[in-house]
Amino acid sequence: MTEQSKVFETHYQDYCRRIGRCDLGAAAEILGLVPEEQGGWIRFLNRDYWVSGEGFRDDSGRRPGYGLCVILAKYVLLCPDRVIRDPQWVGIRDFKKDAAITNVNFFTSDTEQAILKHFQSRTDRMELAGQALAGKPHDTGAGYDLSMVFDLLPRIRLLLLFNDKDEGFPAMCRVLFEKHAEFYLDPESLVMCGSALARSLISSDREAGHED
């Protein structure tokens with residue numbers, strides 16, 4: 001096991017211990033998770049994940065990747081004391097909590113630019129990839145080539161806006177959050193959510209038999 005893997009495993013076990021002390025039944029309504037025995041199911045994109053003090057697993061019994069484990073753990077551990085709803089769409093820069101410039105840069109490169117690089121001039125493929133992840137069209141009234149909403153977590157939705165390159169205009173991609181997302185996850189985890197969406201879209205496109 002590499003040194004990095006050891007660090008990840010240490011953090012993972014710590015998350016398990018902390019979640020083991022949580023009352024998931026009490027958090028169920030606030031977070032939109034489904035409690036069951038000593039744990040609970042949380043839906044991330046179009047798949048369900050089991051979270052408990054004993055560990056995390058997907059619906060086929062496999063442990064998710066470390067990044068997704070962090071997102072799921074933080075979603076439980078940062079549970080607010082009530083359901084908070086503010087559907088205003090905002091960018092990662094707009095959250096009132098202090099988000100370091102490195103978070104903004106990572107979000108731009110690993111989410112928006114990653115999507116842009118893979119799907120430029122492939123809007124039809126992006127739409128199909130999004131539909132495979134249960135994404136739904138969203139009318140912003142602004143005439144984007146593609147506008148799609150994803151239920152990333154029960155209380156966190158992401159809005160993908162995309163315009164392909166046109167005469168005199170470069171391609172553009174933006175990923176927005178509902179404002180209340182900042183009450184459910186910290187800035188670093190929100191950045192990881194964006195990256196997870198980008199990777200899932202690209203993976204969905206490749207699984208459909210398309211090449212880069």
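If the condition is being surrounded by 14 or more Cβ atoms within 10 Å (Cβ to Cβ) and among the small types (Gly, Ala, Ser), then the stretch 21-40 contributes ALA27, ALA28, GLY32, GLY39, GLY40. When ALA198, ALA142, ALA181 are checked against the criterion of being of a type outside the set (Ser, Thr, Tyr) and more than 21 Å from the chain's Cα centre (by Cα), ALA142 stands alone in meeting it. For LYS96, the conditions (1) at pLDDT below 90; (2) out of contact with any Leu (no Cβ under 9 Å at 6 or more places or on another chain); (3) within 30 Å of GLU29 (Cβ to Cβ); (4) buried (at least 17 other Cβ atoms within 10 Å of the Cβ) are fulfilled apart from (4).
Would you point out the residue of the stretch 152-174, among those that are basic (Lys, Arg) and part of a loop (DSSP other than H, G, I, E, B), that is farthest from LEU190 (Cα to Cα)? Spell out how you get there, then give the answer.
Taking the stretch 152-174 and keeping what is basic (Lys, Arg), we get 155, 157, 165, 174.
From what's left, part of a loop (DSSP other than H, G, I, E, B): 155, 165.
Numbers: ARG155: 12, LYS165: 28 Å.
That would be LYS165.
A single member of SER52, SER60 is polar (S, T, N, Q), closer than 27 Å to VAL149 by Cβ and outside the structural domain of HIS138 (by TED's automatic domain parsing), and it is SER60. Go through the residues of the stretch 18-35 one by one and say whether even a single one is touching a strand residue (DSSP E or B) at 6+ places or on another chain (Cβ under 6 Å), outside the structural domain of GLU112 (by TED's automatic domain parsing), under 25 Å from SER203 (Cα atoms) and not polar (S, T, N, Q). No. For the stretch 175-202, name all the residues that are under 17 Å from GLN113 (Cβ atoms) and either out of contact with any Phe, Trp or Tyr (no Cβ under 7 Å at 6 or more places or on another chain) or part of a strand (DSSP E or B) (or both). Selection gives VAL175, LEU176, MET192, CYS193, SER195, ALA196, ALA198, ARG199, SER200, LEU201, ILE202.
The values are calculated or read from the model by the stated rules, or taken from the named source; none is laboratory data. Not measured: the values here are computed from a predicted model. Cβ atoms come from the backbone with ideal geometry, glycine included; neighbour counts cover every protein chain shown.
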